[in-house]
Amino acid sequence: MSNNKRSGIRRSDFLKGAAAIGLAAGLPGSIPAASAQDAPPLSGGGGASPKPATAATKGINDLYRQGLHFNDTRDFADARRGLIASLPDPVVIRNSDGVPVWDATSYEFIKVTETEDAPDTVNPSLWRMAKLNMIHGLFEVVDGIWQVRGYDLSVMSIIRTNTGYIVIDPLISEEVSKTVWQQLVIPKLGNKPVVAVIYTHSHVDHYGGVRSLVTRADLDAGKVKVLAPDDFTQAAVGENIIAGNAMSRRASYMYGNLIGKSPTGQVDGGLGKTTSTGTIGIVVPTDLATKTGQTITIDGIDLHVIMAPESEAPAEFMFYVPKYKAFCAAEDVTHTLHNLYTLRGAKVRDGLLWSKYLQQVLDMFGGEMQVLFASHHWPTWGNERVVALVKSQRDMYRFLHDQTMRMANSGMTPREIGDKIRLPPTLAVQWACRSYYGSVYHDAVAQYNLRLGFFDGVPANLHRHTPVDSGRRYVAFMGGADNVLRQARQSYDEGDYRWVAEVVNHVVFADPDNTAAKNLLADAYEQLGYQAESGPWRNFYLTGALELRRGVTKLPVPNTASPDTIRAMPIEMFFDFLGVRLNGDRAADLTVAFNLELTDTKEKYVLGVENAAIHYSKDRSDPDADASIVTTRDALNDVMLGTATMEKQIVAGKAKLTGDPKKLSNFVSCLDTFDFWFNIVTS
């Protein structure tokens, strides 16, 4: 490791020093010796422009340079291996209105050379991944399996069958999927039919582009299958509905959609560059993978299944293709420490289960696999290397789960565990175990939450004040805002940005109009972002800094549910979402009951509200209901999408209402419409 040799720093010293600041966990920390000129002004406008990296941040990032194997460039060779063709530069994919849904030109500041060092404002390890994820094109994995990489957050894989192709995970957007198919796959591999599409799991980046590859006519004729893991539809639709607004708003932070691409902005997503923004569709699966050991044959290709529910996704499966001695790891083996909790928000994932699934991979196929490919990043070739990669990921997730629970059982709290836990040196120096997407800190805290919930057992944390109320009290106890900011400025000079963020956050929530506090907090977030190895951590910090400086900019609101998603949604999930929208205060005195009959799907429900809560019963009709609605699921879908109201459907003859229309109006008036652009970093 040439950097270490020049600096005289040994790997053991790096790991010890990293433990002191959280570096081995992929966690930004603080070191002293920042000069006064690095500090932001205490008062005044502060400006909305990004600041340079401070001496403290440069020192943190230098530790990464000195402590990791940057002279190991094998991943660059693997990421380039088998390149057949790339989309011509400049790579800009547009929708039918001419609006870009994928624009690689925004990353032109990143040069894909192994030797180019990171800017001062980017963690060198994250910069390495940012360069790797720039490599794009159609690649041969083995003769008969190909991948399209570098045009979305996820990867499309293609398997040759007797008469056509199996497509695995058709990216996020129809426009991107269509472009790569027409401009890369057909010209280079041949124009053969898609005989099957496989969704490896229930996240949108693995099914959203499907409509560009299959038609309703081919589905109805049985010419194409859609294979997915058991419970796929419930998981895929449900994640985007119940908490969709909050999740999407937080995703705008996680993926850096608001901060722009630059050395002081978004540079990478960790799993890929970023998310495409085109049209999202979903086709309900025609076939399901249901049990480990199952063999599914598609047009002459056998797939040996390993089910992996509640690992990286609620519904997920992996499979081995014996014809090609190739293993598809879905998203359970990638070139990063993945999320055991995603910062956009979702159910916590089980590291113990995840590890056990990877042990099954080794037990069942460890002696046979010659190549492993996944739904993100590049493949790994050769049995020895494949097995080593799976073992390292198996042990990483098991370690995080088991050591978290060991510490919890010893009485440690989540934050104590997060600050103390470190991957063992044998894992911490492996590139595929670095914190590009997840982080050791928040994954460990997630495993605590998985087993023990949010409460850490400290009575003081059982019923804490709100951020605004506690902020006002803290500021008063600390002698007022000016005194807090004066001391925080000193901590900033010392490079203690985590502490600055904690204390100044109280000032901002106590007084969101305190410009000096917002600017100082933004500057602290910014330095933490520059230090972050995790793409999502960097994006969260830098987006927080942006909104502190400029406020929330209300852009066009993205849809959290596409028309396909609505059509695939079970009607009971729609009722559940109405329950989430029901404003308890406004509905406190509301008691109503409605009959709903869907004539095309032959479904009947009684939907009621009592005690500010929704309830419903299937296959029933209430003769005393306040109102009854007879309509079709298609007409109701328009109401669910917001393209029509029930009143308009009645006027148009697409629905019939009997009973008291005022009762229905009263109910509708109690439903909230969520504002996407809610505040995150201020009250």
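The values are calculated or read from the model by the stated rules, or taken from the named source; none is laboratory data. Just so it is clear, the structure is predicted and the values come from calculations on it, not from any experiment. Note that each Cβ is placed from the backbone with ideal geometry, even for glycine, and that neighbours are counted across all protein chains shown. For the accessible areas, the whole protein counts, side chains as well, though only heavy atoms, and no ligand, DNA or RNA atoms are used. Shrake-Rupley method; radii C 1.70, N 1.55, O 1.52, S 1.80 Å.
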Pairs please, first residue from region 211-224 and over 18 Å from Ile298 (Cα atoms), second anywhere and open to solvent by 70 Å² or more (accessible area, probe 1.4 Å) and assigned to a helix (DSSP H, G or I), Cβ atoms under 8 Å, 6+ apart in sequence or on different chains. Ser212/Lys178
Can you tell me which of Ile60, Ile93, Ile110 is assigned to a loop (DSSP other than H, G, I, E, B) and either open to solvent by less than 40 Å² (accessible area, probe 1.4 Å) or touching a residue at least 40 places away in the same chain (Cβ under 8 Å) (or both)? Ile110
Cβ pairs under 6 Å, 6+ apart or interchain, first in region 256-272 and closer than 21 Å to Thr336 by Cβ, second of a type in the set (Lys, Arg) and outside any loop (DSSP other than H, G, I, E, B), ordered by first then second residue, are none
Filter region 589-600 down to residues that are out of contact with any Gly (no Cβ under 6 Å at 6 or more places or on another chain) and open to solvent by less than 60 Å² (accessible area, probe 1.4 Å) and give me whichever is nearest to Leu636 (Cα to Cα). Leu598
Kindly evaluate Glu331 against the criterion of being open to solvent by 10 Å² or more (accessible area, probe 1.4 Å) and on the phi < 0 side of the Ramachandran plot. no
Within region 614-628, tally of residues that are open to solvent by 50 Å² or more (accessible area, probe 1.4 Å) and assigned to a strand (DSSP E or B): 3
Test of understanding: among Gln266, Gln234, which residue is over 18 Å from Asp169 (Cβ atoms), open to solvent by less than 40 Å² (accessible area, probe 1.4 Å) and not aromatic (Phe, Trp, Tyr)? Gln266
Checked region 146-192 for anything in contact (Cβ under 8 Å) with a residue 40 or more places away in the chain and part of a helix (DSSP H, G or I); matches are Glu174, Glu175, Val176, Thr179, Val180, Gln183, Leu184, Val185, Pro187, Lys188, Leu189
Within region 520-536, residues farther than 14 Å from Ala48 by Cβ and either among the aromatic types (Phe, Trp, Tyr) or touching a His at 6+ places or on another chain (Cβ under 6 Å) (or both) come out as Tyr530
Could you list all residues from region 73-90 that are surrounded by 11 or more Cβ atoms within 10 Å (Cβ to Cβ) and either among the β-branched types (Val, Ile, Thr) or not in a helix (DSSP H, G or I) (or both)? Thr73, Arg81, Gly82, Leu83, Ile84, Ala85, Ser86, Leu87
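Residue-by-condition table, conditions (1) part of a loop (DSSP other than H, G, I, E, B); (2) among the β-branched types (Val, Ile, Thr):
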| residue | (1), (2) |
| --- | --- |
| Leu578 | no, no |
| Ala587 | yes, no |
| Lys604 | no, no |
| Val630 | no, yes |
Report yes if some residue within region 542-554 is over 22 Å from the mean Cα position of the chain (by Cα) and buried (at least 17 other Cβ atoms within 10 Å of the Cβ); otherwise report no. yes
Among (1) closer than 28 Å to Ile301 by Cβ; (2) surrounded by fewer than 20 Cβ atoms within 10 Å (Cβ to Cβ); (3) more than 23 Å from the chain's Cα centre (by Cα), where does Val141 come up short? (2)
For region 193-206, name all the residues that are surrounded by fewer than 23 Cβ atoms within 10 Å (Cβ to Cβ) and either assigned to a loop (DSSP other than H, G, I, E, B) or among the charged types (D, E, K, R) (or both). Pro193
Condition test on Gly345, is it surrounded by fewer than 19 Cβ atoms within 10 Å (Cβ to Cβ), assigned to a loop (DSSP other than H, G, I, E, B), touching a residue at least 24 places away in the same chain (Cβ under 8 Å) and not aromatic (Phe, Trp, Tyr)? yes
Exactly one of Leu389, Leu372 is farther than 22 Å from Leu450 by Cβ, touching a strand residue (DSSP E or B) at 6+ places or on another chain (Cβ under 6 Å) and either of a type in the set (Lys, Arg) or part of a strand (DSSP E or B) (or both), and that one is Leu372
Pairs please, first residue from region 660-683 and more than 18 Å from Asn583 (Cα to Cα), second anywhere and part of a helix (DSSP H, G or I) and open to solvent by 50 Å² or more (accessible area, probe 1.4 Å), Cβ atoms under 7 Å, 6+ apart in sequence or on different chains. Ser683/Pro467
